[in-house]
1. Kindly provide the helix-only [θ] at 222 nm of the chain, computed as the sum of -39,500 (n - 2.57) over DSSP H runs of four or more divided by all residues, to the nearest 500 deg cm²/dmol?
2. With a sphere of radius 15 Å drawn around the Cβ of E438, what net charge do the other residues whose Cβ falls strictly inside it have (Lys, Arg +1; Asp, Glu -1)?
3. Step through the residues of the stretch 138-149 one at a time and calculate ³J(HN,Hα) from phi using the Karplus curve (6.51 cos²θ - 1.76 cosθ + 1.60, θ = phi - 60°), rounding each to whole Hz and writing x for Gly and Pro.
4. Rank these by accessible area, largest first, 1.4 Å probe: E188, E380.
5. So for the stretch 157-211, averaging the separation of alpha carbon pairs under 8 Å that are six or more residues apart and normalising by length, what relative contact order in percent results?
6. So, with a 1.4 angstrom probe, what is the percent of accessible area on the chain that is carbon and sulfur?
7. Less than 12 Å Cβ to Cβ from G248, Lys/Arg counted +1 and Asp/Glu -1: what total charge do the surrounding residues give?
8. log₁₀ I(q)/I(0) of the stretch 360-419 at q = 0.20, 0.24, 0.29 Å⁻¹, via Debye over equal Cα point scatterers, no solvent, to two decimals?
Amino acid sequence: MSYRFPDSPLFYRRLDRAFRCARAGEGSYLIDEKGLRYLDASGGAMVANLGHSLEALGRALAEAARCGYVNGTQFTNPWAEALAAELAQRVPEPLRYSYFLASGSEAVEAAVKLARQYWWERGRRGKWKVVSRDPSYHGNTLAALSLSGREHYRRIYGPLLTDFPRIPAPDPYRRPDGPGTTGEALEEEIVRQGPESVAAFIAEPILGSSGGAVVPSAAYYERVVETCRRHDVLFIADEILCGMGRTGRWFACEHYGFAPDILVLGKGLNGGVVPLSAVVATREIVETLARGSGAFVHAQTYSHTPAICAAGLATVRHLEEHRLVERAAELEDPFLGALDALRASALVGDVRGKGLLAAVELVADRETKAPLPRARRAAERLAERAFERGLVVWPAVGHADGGNGDLVMLAPPLTVSEGEIAEIARLLAAALEDLETELAAAG
């Protein structure tokens, strides 16, 4: 049975297709109501880092349900306290204090507001602008979308968005010598805007779906961090996708040896079973607010609530107990090695990634790296052909020039086996063959 608009009263994410109904999960697999199994090679939207149907998270939620809802302005609770303590042990100094919310987009909004309030309370009230990168993705609420370099998401909502400054993101595949690769673009933009107007720079340390698992150089971040420090600009590291072990370290910034001023977490923090995100700030930022107004001017009904924090606590402890962060690092070579065989397809221009995060980029011409015409919908069609074979991958588009560009993201659970990695590569290779045949038939 399939479900679709307008037969069902559910307002679907897509109104132009039918949906199969997922009823259960087991490890790296999702199972629909007919019993068909799907190898989840993207963890949904790069979320399910512990795999599916984890009993430890269910038990944690049941325990927290005994308390129910408590508001963060009236009570603390043991799950929020314990999760904050667990994160404080793992984040790089001087990061320390965690503020828990219910989605990545709102955590980005909160991080931007926190950066603004910090400078306000420091008496530097002209500092409000946030520099971001193009391409990038930081969420779908209005401030988060304003900061995102993803034009096909922004187009409709342009009149509602703030015109924040953006700089080119690193692109070692298409523009190895481009302005975004070495980090000088940030210096130039801060000077252009005026350092006294710039509050923060926001970036994913390792790019997610917007650029396709791009891994910048260590020299890039050395330059960027030094620039931020010299101009009194806070560095907000958006690790909603690349954090919590996904790249083989607890936090992707650890690959580069720097600590941001504000760290934003989500997705892998919650094991995929509840909406949970976190904004982690340095001692200096939180102590400035404590000495000044005495509070962060930000309200969210479900911040710090027991159930979401209980799921986060169980997730962090499961990652630690089963050494899944180390496992992601150990599986990097087998994972990327298996995917590298996909270069046999004439459609594959690049395979890249870190840990258990990877992208396969599709091109019209491997020599020139010319993207396929967007009208071909190559990424979406590849994901559809893979789905028909029982493989779930995540299509992403627009990274090449803001309009064109096709790739699929892979981010299997950190529990994935080497046999399942081989199966992911085999099924994706077959789906690529299907797509090549389909595109050839269409001319």
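1. -10500 deg cm²/dmol
2. -2
3. These are the phi-based 3J(HN,Hα) values: 10, x, 10, 6, 5, 5, 5, 5, 4, 7, 8, x Hz.
4. I get E188, E380, largest accessible area first.
5. 23 percent
6. The value for the chain is 53 percent carbon and sulfur by accessible area.
7. After counting each charged neighbour, the total is 0.
8. Calculated log10 I(q)/I(0) at the listed q: -0.76, -0.95, -1.17.
The values are calculated or read from the model by the stated rules, or taken from the named source; none is laboratory data. Everything numeric here is computed off the predicted structure, so don't read it as measured data. Positions of Cβ are generated from backbone atoms using ideal geometry, with glycine treated the same way; all protein chains shown enter the neighbour counts. Just so you know, the surface numbers come from the protein's heavy atoms only, side chains and all, with ligands and any DNA or RNA stripped out. Shrake-Rupley method; radii C 1.70, N 1.55, O 1.52, S 1.80 Å.
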